[in-house]
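The values are calculated or read from the model by the stated rules, or taken from the named source; none is laboratory data. Remember, predicted model here, so these are calculated numbers, not experimental data. In this analysis, Cβ positions are derived from the backbone assuming ideal geometry, glycine residues included, and neighbour counts consider all displayed protein chains.
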Amino acid sequence: MAIVLALVLVVVGSIVFHMLSPWWWTPIASNWSYIDHTLVITFWITGVVFAAVVLFMAYCVYRFRHKEGAKAAYEPESKRLETWLTVVTAVGVAAMLAPGLYVWGQFVTVPKDATEVEVVAQQWQWNYRLPGEDGRLGKTDNRLVSFENPLGIDPDDPAGQDDVVLEAADLHLPIGKPVKMMLRSIDVLHDFYVPEFRAKMDMVPGMVTYFWFTPTKTGTFEVLCAELCGVGHGFMRGYVMIDTEENYPSWLEEQPTFAELSAPRQVGSAETVEPEGAGAQ
Ligand SMILES: [Cu+2]
């Protein structure tokens, strides 16, 4: 009887904990409420199956408890039961997978009016690149990455000259505008994750992964790396600020472009020629 009670308590306790849990997801700040719906569907299906299986166990422990003289019947196969279980399991698994595939299709189908925003991960910081006035991002190549050119932007591509470069800085985005997040890594695997946007994706060296979303709330949202990427992984954090449409342009204007960042550095390197020569003596 104690085991029966314990099993029932596990079910009731799990449901109560789920309902009253303080560890619930953050308020959503993007268009991806679909992601939440898929999670709720999964919770329902796994929750019902979990409760049914454990309660069935409790029932069996009680109903078929030891009785003097009672003998267990040996029935290794039951076609009816197997068919029934196979069908129910298949339907349950399909019901969990189908919504995910449906949402995934939308997650990577970028609307035409989305602005391209590049996220460049490295050990252990977040860099970003926004298109300049031409609305296009210039070409990049990881072989061009250097101290002067941390994002590896191709200096020969005119489209890249006006690109806004944010090195280890916070990203700002305007509210209500769809953005295509293009994810790159210049060293190891990382994963761009903003819980409030219900969006995350791996960043793989040598390729560009992407998803899109529309910010629906202004505010400051934390960026986390969701892929163990070395000793600094836990400190690989940043912020995305969602600005109002009026505030956004004033922030954008103040950010440096690739051309601006390259120019003073060339002057700087010319100036350092003399001290270098002096140092050699
Ligand atoms: Cu990382």
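Would you say Asp141 is surrounded by fewer than 19 Cβ atoms within 10 Å (Cβ to Cβ) and out of contact with any strand residue (DSSP E or B) (no Cβ under 9 Å at 6 or more places or on another chain)? No, not satisfied. Only one of the numbered conditions (1) over 30 Å from Ala263 (Cβ atoms); (2) within 14 Å of the ligand (Cβ to nearest atom); (3) more than 13 Å from the chain's Cα centre (by Cα) is not met by Gly238, and that is (1). Of all the residues in region 206-251, those that are farther than 26 Å from Leu189 by Cα, in contact (Cβ under 8 Å) with a residue 24 or more places away in the chain and polar (S, T, N, Q) number 3. Against the definition (within 16 Å of the ligand (Cβ to nearest atom) and among the polar types (S, T, N, Q)), how does Gln161 come out, yes or no? So Gln161 fails the test. For Lys217, the conditions (1) at pLDDT 90 or above; (2) within 16 Å of the ligand (Cβ to nearest atom); (3) more than 13 Å from the chain's Cα centre (by Cα) all hold with the exception of (2).
The condition of being of a type in the set (A, V, I, L, M, F, W, C) and surrounded by 13 or more Cβ atoms within 10 Å (Cβ to Cβ) does not hold for Ala73. Here the condition is being under 30 Å from Met182 (Cβ atoms), out of contact with any Asp or Glu (no Cβ under 8 Å at 6 or more places or on another chain) and either among the β-branched types (Val, Ile, Thr) or assigned to a helix (DSSP H, G or I) (or both); of Leu85, Leu39, Leu81, Leu9, it holds for Leu39 alone. The set of residues from region 76-90 being under 32 Å from the mean Cα position of the chain (by Cα) and loosely packed, with under 11 Cβ neighbours inside 10 Å comprises just one member, Ala90. Sub-6 Å Cβ pairs linking a first residue in region 110-132 that is within 16 Å of the ligand (Cβ to nearest atom) to a second residue that is acidic (Asp, Glu), at least 6 apart or interchain, are Gln122/Asp187; Gln123/Asp187; Asn127/Glu167, ordered by first then second residue.
Would you mind stating whether Leu173 is under 19 Å from Ala29 (Cβ atoms) and of a type outside the set (Asp, Glu)? For Leu173, the condition - under 19 Å from Ala29 (Cβ atoms) and of a type outside the set (Asp, Glu) - is met. Of all positions in region 189-198, none carries a residue that is more than 14 Å from the ligand (Cβ to nearest atom) and over 12 Å from the mean Cα position of the chain (by Cα).
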